[in-house]
């Protein structure tokens with residue numbers, strides 16, 4: 001039996017950095033904004049919750065990849081993953097591999113703080129944080145302060161599980177050599193073995209190119225990602241200079257899964273131009289790994 005999650009450090013709360021910009025800053029509008037992400041034509045069409053979700057069929061979700069721009073842009077793409085998640089039994093802990101966009105703090109870091117959004121407080125799994133610290137991972141809240149790549153995922157979980165019952169771990173991953181990212185993934189794999197932990201990497205795809213060009217580079221990156229080979233994904237993105245901001249956390253996630261038999265499913269993809277007309281776009285995709 002896996003260890004039971006315990007709440008984050010008493011009294012320590014990480015306050016939102018992008019409420020009111022990347023997503024609505026008040027509870028009512030934010031709740032409606034998340035629900036809107038599930039609506040067609042860009043969203044999956046409905047929201048499964050523990051009260052109306054169907055029983056899981058086939059192999060369970062073990063991991064996923066989701067985008068992290070403002071909800072108006074990438075939220076409907078991310079909603080396809082959370083739509084699937086809502087049809088599953090509750091995973092007690094979600095471990096997010098986030099992007100350290102600001103290069104603050106340690107190379108690879110976790111925090112023992114709980115996380116606040118306008119919808120309330122999301123608990124951190126302090127026992128898992130404690131076990132992760134060491135080797136390549138440091139306890140360093142500084143890396144989390146201004147970062148949005150994990151924060152924008154939390155309202156989805158709060159709407160999906162309004163009664164709580166889950167916790168998270170926020171692992172911020174700065175870009176590094178492949179060997180360092182693979183070592184990080186292997187360390188995480190050892191620690192989470194025997195625990196019911198869902199792994200989620202947060203990344204956007206190509207940044208600020210015309211839509212046709214962005215789609216071409218995104219297709220190349222996604223083809224590599226779907227092989228679930230950390231090495232192939234990393235080499236494809238780095239050698240072709242694809243501006244996938246979350247190449248480091250996504251590589252680390254795939255390294256965590258090495259040695260296991262899993263399959264990736266592309267759920268949805270698109271660009272920021274799907275939300276409003278623009279000449280230079282950012283690409284997004286969501287994937288499920290079973």
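Worth pointing out:
- Three-way shape label, region 100-149, alpha-carbon gyration tensor, a/c 1.5: oblate
- Burial order of peptide ranges 148-154, 86-92 (average beta-carbon count within 10 Å, highest first): 148-154, 86-92
- Euclidean distance of C-alpha centroids, region 204-259 and region 107-185, integer Å: 21 Å
- Overall form of region 152-263 per C-alpha gyration tensor (a/c, 1.5; a/b vs b/c): oblate
- Rounded to the nearest whole angstrom, the semi-axes of the ellipsoid equivalent to region 90-223, taken from the Cα gyration tensor as √(5λ), stand at 25, 20, 15, largest first.
- Our helix-only sum for the chain, with -39,500 (n - 2.57) per DSSP H run of n ≥ 4 divided by its residues, gives a mean residue ellipticity at 222 nm of -9500 deg cm²/dmol.
- DSSP assigns beta bridges within the chain; of those with both partners inside it, close to 45 percent run antiparallel.
- Relative contact order (%) - the chain, alpha-carbon pairs under 8 angstrom, separation at least six: 25 percent
- The chain: C-alpha gyration tensor shape, a/c 1.5 cut-off, then a/b vs b/c: rounded
All of the numbers you see were taken from the coordinates with simple rules; none came from a lab. Here the structure is a predicted model, which means the values were calculated and not measured. Neighbour counts run over all protein chains shown; Cβ positions are idealised from the backbone, glycine included.
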